[in-house]
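Working notes, structure below.
The values are calculated or read from the model by the stated rules, or taken from the named source; none is laboratory data. Model, not experiment: these values are computed from the prediction. FYI the Cβ positions are ideal-geometry reconstructions off the backbone, even for glycines, and counts take in every protein chain you see. With ligands, DNA and RNA removed, areas are computed over all heavy atoms of the protein, side chains included. Shrake-Rupley method; radii C 1.70, N 1.55, O 1.52, S 1.80 Å.
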Amino acid sequence: MPGLPPHIGIDRPGSFSRSVFHERHPVLIANLLGDHPYPPHIAEALEALLAESLAGTVPPRTPGGPEIHTWHLETEAHAGLPWDSLPFLWAESYFYRRILRAVEYHHYDSPWCGVDPFAPQKRAQLDGPELRADLDAYAALEGAHPDDRRRALLLAALWGNQADLGFRTDNPDASTSAGEIVADDSDALWALADGPGDAPVIVVADNAGREITADLALVDHLLETGTGPVELHLKPHPYFVSDATGRDVLDTLDVLDRDPHEPVRGLAGRLRDAIRLGWLRLRAHGAYVHPTDYRTIPSDLADDFATAKLVILKGDLNYRRLVGDRQWDPTTPFSEAAGYFPGPVAALRTAKSDLAVGVDPARLAKLDADAPDWRLTGTRAFIQVKA
Ligand SMILES: O=P(O)(O)OC[C@@]1(O)O[C@H](CO)[C@@H](O)[C@@H]1O
């Protein structure tokens, strides 16, 4: 779009975005082949997709699945281009769409129809010791001062974004503890969430497992302290390894139900009641798996965003789609980069890609000097608000 910085691409040797394709994706495909007894034709399709994405061009064929018209137009606009020349955001999104095609996720007459290729990885995190520790910490908040509890729930949802399994594909030992918050507009976030009226607060979820668990605890708090309903927006199908779908929310509630801590079981019970009563609305929308940024969201979703009390966008990919996955000067004010968004918006994100906006210039200089890879390690976080 005119007036915006150029897209982040995947062509520059040594860049993070290129490493996602050349280092992360080979591991990702190997994980899928190890996790499932795929028959030869599916294994070959996955290997062919990997080879094509490393050295080939975009074929003219529209990848199957829902919203075929959108994907037809997107494919038409990019067919014949070398993968190397594609914008990072578009290329990644298309890559995951093609994975679903390769594993026949949307093929009604395939036994693999509806089998989430990433389910084994998601299940492992739901059963893992890190989630156990998170739930212990949640239970320990019982009786905490309301301000401390509120802060703890917000920070758990923020740092929960470190647990994204796409990032962990080639960073298995990445830190899982809280790091530095580069921008903290949390007062503005609460001022909006606590505002009067019965318009919903919308939480646009990111990852399943530890992150959605923390998000659900935050949603419960928003329901308890707010004056309107909460909408939790989910992906309509698997995407970017650990992105949360409706199925993942139900699996998470089952895990919470079985927890030894009463406060955790109580959380699950309140959330189930809220869903039944319509206070918590689970929603999915095709726009969340489009290969484009939120400047081009469909009008029905834009209208929902415009009338919400606040939209909380979780995670790095939502951040990339909000401000645009572009070569922004990191000191560009957040309110400028996200100024077009149709309503009040808050981004909660740990930095796991090159993109950053709204960084104070003195802080930027220090971050760049102290830890040149600070944008990529998930150890720096952002809470940014555009009212
Ligand atoms: O949205 P999330 O889960 O926070 O992060 C998505 C992510 O894993 O995908 C991209 C690279 O594959 C990066 O933006 C980031 O590391």
Looking only at segment 145-181, count how many residues are open to solvent by less than 40 Å² (accessible area, probe 1.4 Å), of a type in the set (A, V, I, L, M) and modelled with pLDDT under 95.
-> 3
Of the numbered conditions (1) under 26 Å from L33 (Cα atoms); (2) open to solvent by 20 Å² or more (accessible area, probe 1.4 Å), S110 satisfies every one except a single condition; which is it?
-> (2)
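Of all residues in segment 223-233, how many are over 16 Å from R272 (Cβ atoms) and either open to solvent by less than 10 Å² (accessible area, probe 1.4 Å) or at pLDDT below 95 (or both)? Full working, then the answer.
Kept after step one, since they are over 16 Å from R272 (Cβ atoms), are these residues of segment 223-233: 225-228, 231, 233.
Next, only the ones that are either open to solvent by less than 10 Å² (accessible area, probe 1.4 Å) or at pLDDT below 95 (or both) stay: 226-227, 233.
Matching residues across segment 223-233 total 3.
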Log entry, pairs with first residue in segment 125-142 being farther than 14 Å from I212 by Cα, second being part of a helix (DSSP H, G or I) and among the charged types (D, E, K, R), beta carbons closer than 7 Å, six or more apart or on different chains, reads L141/R149
Within segment 190-205, identify whether any single residue is buried (at least 18 other Cβ atoms within 10 Å of the Cβ), assigned to a loop (DSSP other than H, G, I, E, B), on the phi > 0 side of the Ramachandran plot and not hydrophobic (A, V, I, L, M, F, W, C), and answer yes or no.
-> no
Checking L135 against (1) more than 16 Å from the ligand (Cβ to nearest atom); (2) under 29 Å from G226 (Cβ atoms); (3) open to solvent by 40 Å² or more (accessible area, probe 1.4 Å), which test does it fail?
-> (3)
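When you go through A156, A174, A178 one by one, which is the residue that is part of a helix (DSSP H, G or I) and of a type in the set (A, V, I, L, M)? Can you show your working first?
Values: A174 fails: part of a helix (DSSP H, G or I); A178 fails: part of a helix (DSSP H, G or I).
The conditions single out A156.
With the requirement that a residue be closer than 13 Å to A156 by Cα and among the small types (G, A, S), what does segment 125-138 give you? Give the steps one after another, and end with the answer.
Pass one, segment 125-138, residues closer than 13 Å to A156 by Cα: 130-131, 133-138.
Result: A133, A137.
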Tell me which of these L271 doesn't satisfy, since it passes every other one: (1) part of a helix (DSSP H, G or I); (2) open to solvent by less than 10 Å² (accessible area, probe 1.4 Å); (3) closer than 25 Å to L100 by Cβ.
-> (3)
